[in-house]
Amino acid sequence: LFVDHPLAKGNRVSLSQPQAHYLFGVMRLAVGDAVSLFNGIDGEWRGEIVVAGKRKGELECSEQTKPLQMPPDLWLCFAPIKKTRTDFIVEKAAEMGAAKICPVQTDYTNSERIKQERLQAHAVEAAEQCGGTYVPEVLELKKLSAMLDHWPAERQIMFCDETELGVATSLASAVRGPWAILIGPEGGFSPSERSRLHAMPQAHVVSLGPRILRADTAAVAAMTVWQTALGD
Ligand code: SAM
């Protein structure tokens with residue numbers, strides 16, 4: 001269970017109303033039962049239920065059961081698509097160990113807004129489900145061009161482009177360290193975005209095969225390729 005409290009031996013953690021409803025109403029847990037807690041900072045802790053009310057609850061931390069497992073320093077930058085597919089991308093990025101999720105507005109992106117809080121909640125749920133101890137931060141939507149203006153010199157970019165079969169590079173011999181995966185929208189990248197990225201020394205053009213994948217499929221495929229070549 002993800003909680004927004006410091007976790008340490010003896011610390012008391014109060015539950016939100018939906019969490020209390022879930023634990024006591026749905027899961028039928030009671031005082032004395034234990035729940036795994038994490039906050040994205042202190043690892044995983046065993047929390048014993050000490051108060052179990054209809055709308056409230058309290059747990060006491062007894063022991064750490066897992067240290068914090070930081071994901072590799074990988075950002076997933078993607079152009080938001082339809083709502084459910086964007087939810088899917090965020091969920092899979094949290095499961096596959098992205099450190100940050102960066103929605104980017106590209107020249108051909110249709111959506112100009114995202115529901116950042118909702119997406120962050122999806123990332124929390126995905127981390128809870130896969131037993132993770134870390135929750136990737138979902139950033140506000142930013143323009144790709146503005147992001148590239150201030151792109152850190154040391155962060156490599158896995159630029160996924162279906163039109164670049166001929167020049168695609170392999171990640172097998174690429175440097176380790178900070179990386180970002182970049183996935184375009186349904187219409188792909190514009191010619192000016194392509195030439196800008198080609199001119200950046202950090203960008204590595206990667207093909208995910210001869211078929212054009214939907215952006216959500218491409219995001220999962222790209223994270224798999226990256227994890228295989230450069231992940232822990
Ligand atoms: N430009 C295309 C079009 O309109 O037909 C399709 C774009 S594709 C649906 C969305 C994004 O997924 C692309 O911008 C790219 O980042 C990624 N992608 C899809 N298939 C890919 C492939 N075979 N290799 C590399 N990237 C791919």
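Key figures for this structure:
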| read-out | value |
| --- | --- |
| Residue check, PRO6 assigned to a helix (DSSP H, G or I) and either outside the structural domain of GLN116 (by TED's automatic domain parsing) or touching a strand residue (DSSP E or B) at 6+ places or on another chain (Cβ under 8 Å) (or both) | no |
| Complete set of residues in segment 128-186 that are under 18 Å from LYS92 (Cβ atoms), assigned to a strand (DSSP E or B) and either within 11 Å of the ligand (Cβ to nearest atom) or of a type in the set (A, V, I, L, M, F, W, C) (or both) | VAL138, MET158, CYS160, TRP179, ALA180, ILE181, LEU182, ILE183 |
| Members of segment 219-232 found to be without any contact (Cβ under 8 Å) to a residue 60 or more places away in the chain and within 23 Å of ASN110 (Cα to Cα), listed by number | ALA221 |
| ALA123 vs. criteria within 10 Å of the ligand (Cβ to nearest atom), under 30 Å from LEU37 (Cβ atoms), in contact (Cβ under 8 Å) with a residue 12 or more places away in the chain and crowded, with 16+ Cβ neighbours inside 10 Å | no |
| Members of segment 221-232 that are surrounded by fewer than 21 Cβ atoms within 10 Å (Cβ to Cβ), more than 9 Å from the ligand (Cβ to nearest atom) and of a type outside the set (S, T, N, Q) | VAL225, ALA229, LEU230, GLY231, ASP232 |
| Of all residues in segment 6-22 being free of Cβ contacts under 8 Å to residues at least 40 places away in the same chain and crowded, with 17+ Cβ neighbours inside 10 Å, the one that is nearest to the chain's Cα centre (by Cα) | GLN19 |
| Failed item, numbered, when THR84 is tested on (1) buried (at least 18 other Cβ atoms within 10 Å of the Cβ); (2) away from the ligand (no atom under 14 Å from the Cβ) | (1) |
| Matching entry among ILE114, ILE89 (being surrounded by 21 or more Cβ atoms within 10 Å (Cβ to Cβ) and either under 29 Å from ARG194 (Cβ atoms) or out of contact with any helix residue (DSSP H, G or I) (no Cβ under 7 Å at 6 or more places or on another chain) (or both)) | ILE89 |
| Which numbered condition ALA98 fails, given (1) crowded, with 18+ Cβ neighbours inside 10 Å; (2) at pLDDT below 95; (3) among the small types (Gly, Ala, Ser) | (2) |
| Count of segment 23-81 residues which are touching a residue at least 60 places away in the same chain (Cβ under 8 Å), farther than 18 Å from ALA127 by Cβ and outside any loop (DSSP other than H, G, I, E, B) | 2 |
| Pairs where the first residue, in segment 195-218, is more than 7 Å from the ligand (Cβ to nearest atom) and the second is outside any loop (DSSP other than H, G, I, E, B) and among the aromatic types (Phe, Trp, Tyr), C-beta under 8 Å, 6+ apart | LEU197/PHE159; ALA203/PHE159; HIS204/PHE159; VAL205/PHE159; ASP216/PHE88 |
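The values are calculated or read from the model by the stated rules, or taken from the named source; none is laboratory data. Not measured: the values here are computed from a predicted model. Note: ideal-geometry Cβ built from the backbone for every residue, glycine included; neighbour counts use all protein chains shown.
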